[in-house]
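One structure below.
None of the figures in this text is laboratory data; all of them are computed from the coordinates on show. Everything numeric in this text was worked out from a predicted model, so none of it was measured. A quick note on method: Cβ atoms are made from the backbone with ideal geometry, for glycine too, and the neighbour counts reach across all protein chains shown.
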Amino acid sequence: MRSRICTICAKPSVIVRSHEGRSLCRRHFMESVERNARKYVGKHRMIESGDRIGVALSGGKDSAVALYVLKNIVGKRKDVSLCALSIDEGIAGSRDAALKKAKQLCKKLGVKHCTFSFRKELGMTLDAKVRKLKLGREGVCGFCGIARRWILNREARGLGLNKLALGINLNDEAESIMMNYVRGDMLRAARLGPVTNYSISGRGARLFIPRIKPLRMIPEPEIELYAKFASLPFHPKHCRYRGGIRIDVEKSLDMLEKRYPGTMFTIVSTFDRILPGIRSAVAQEGYVLKCKKCGEPASKDICKCCELWRNG
Ligand SMILES: [Zn+2]
Ligand SMILES: [Zn+2]
């Protein structure tokens, strides 16, 4: 039976957390999300004195909440700085609207905002790349992700940032974990986790800007609800190129979560227990090199971005 009142204060509830057996009103829900993020950031020492953090801001709800929550956590600390980085991939349609929302949010929060584009950094928009190579849905996300990460890493380093914060939520992380199991990609699995810092050795390791994921234990529907309650400007649409195996994994996980509440928590927390083992198992393969063409971290002599985007 779904409870209609807050377990804490008996006001009308806005959410039922079946896996916790609690219902929460708007205020207690928002406090709980903030507390979860704050605790997670503290537990994994995501913020340290002297940090210059760049939040990867897409204009969607997840990165908007990540920026908002981090801004609250950092508060008026003088020893930590925060800025936002957006990428214009060059996708006709919703991308401009999303970038506008990103800009609005930064203005609202008083955070410095930098935008970088595929066209300027790589000489071609994603749309043009898709047309040129006649990429199917399966391939686009891979091409886009490689280019986005390459630009983010390079520009973050250029701006003197030492960490990149990502708005990855619980569903995203559970999906990524399952995707890597399905594809048998242990190297990629080793790169998941609350903090990715490639402590693995190699010439290129220090070129990699560590990633932090403050929202990693917060379910997607809660992020969306939080963004709405906090009146954060965000664009509601998914990317139109979204497709491939991720969609199938997403559907299966949604089904499991519905039937067995708490499944996603279990997947991610179980993964975290075996992650040290995975990392040591692939330590040799995970050796990070420096790309001979662009100087970015690479797993071979030439990085994936140079291979796929900068080979003209
Ligand atoms: Zn309450
Ligand atoms: Zn390269």
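Taking the C-alpha atoms only, the angle from helix 170-183 to the longest principal axis of the chain is near 50 degrees.
The ranking of Met186, Met264 from fewest to most other beta carbons within 10 Å of each one's beta carbon is Met186, Met264.
Neighbour counting of Cβ atoms within 10 Å sorts the residues Tyr68, Tyr241, Tyr260, fewest neighbours leading, into Tyr260, Tyr241, Tyr68. Could you list, in their original order, any pairs among Lys11/Lys61; Lys76/Lys237; Lys101/Lys293 whose Cα atoms are separated by more than 28 Å? Beyond 28 Å: Lys76/Lys237; Lys101/Lys293. Let me have the 222 nm mean residue ellipticity of the chain computed from DSSP H runs of 4+ only, each contributing -39500 (n - 2.57), with the sum over all residues rounded to the nearest 500. The helix contribution divided over the chain gives -15000 deg cm²/dmol.
In this Cβ point-charge picture (+1 for Lys and Arg, -1 for Asp and Glu), the chain has a dipole of about 740 debye about its Cα centre.
Between rounded, prolate and oblate, where does segment 44-308 land on the alpha carbon gyration tensor, with a ≥ b ≥ c its root eigenvalues, rounded for a/c under 1.5, else prolate if a/b exceeds b/c? Rounded is the answer for segment 44-308, as its axis ratio a/c remains below 1.5.
For segment 256-312, what class follows from the C-alpha gyration tensor (a ≥ b ≥ c being the square roots of its eigenvalues): rounded when a/c is under 1.5, otherwise prolate if a/b is larger than b/c, else oblate? Here segment 256-312 falls in the oblate category. Comparing Leu135, Leu232, Leu99 in a Gaussian network model of the chain (Cα springs below 10 Å), the most mobile by mean-square fluctuation is Leu135. The residue list Cys114, Gly60, Gly136 was ranked by how far each Cα lies along the charge dipole of the chain toward its positive end, using unit charges on Cβ atoms, and Cys114 comes out on top. Computed about the Cα centre, the dipole magnitude for segment 176-312 is approximately 480 debye when only Lys and Arg (+1) and Asp and Glu (-1) carry charge, each at its Cβ.
Simple rule: put +1 on each Lys or Arg Cβ and -1 on each Asp or Glu Cβ in the chain, find the dipole, and look at Ala156, Leu256, Val16; the Cα lying farthest toward the positive end is Ala156.
Counting Lys and Arg as +1 and Asp and Glu as -1, each charge on the Cβ, what is the dipole of segment 67-119 about the Cα centre in debye, to the nearest 20?
Dipole size: approximately 320 debye.
Close amide-amide hydrogen proximity is noted between Ser117 and Asp88, each under 5 Å apart and 5 or more residues distant or on a separate chain (H modeled in the peptide plane; Pro and chain starts excluded).
Residues Asp272, Asp172, arranged from fewest to most other Cβ atoms within 10 angstrom of their Cβ, appear as Asp272, Asp172. Packing here is the average count of other Cβ atoms within 10 Å per residue, and on that basis the peptides 27-36, 218-227, highest first, run 218-227, 27-36. To the nearest ten degrees, helix 245-259 and the longest principal axis of the Cα atoms of the chain are 20 degrees apart. Mind checking which of Ser86, Ile168, Thr196 is farthest towards the positive end of the chain's charge dipole, using Cβ charges of +1 (Lys, Arg) and -1 (Asp, Glu) about the Cα centre? Of the options given, the answer is Ser86. Between segment 27-79 and segment 257-312, the alpha-carbon centres lie 23 Å apart. Using only Cα atoms, find the angle between the long axis of helix 26-43 and the longest principal axis of the chain, and express it within 0 to 90 degrees, rounded to the nearest 10. Helix 26-43 and the main axis of the chain meet at about 50 degrees.
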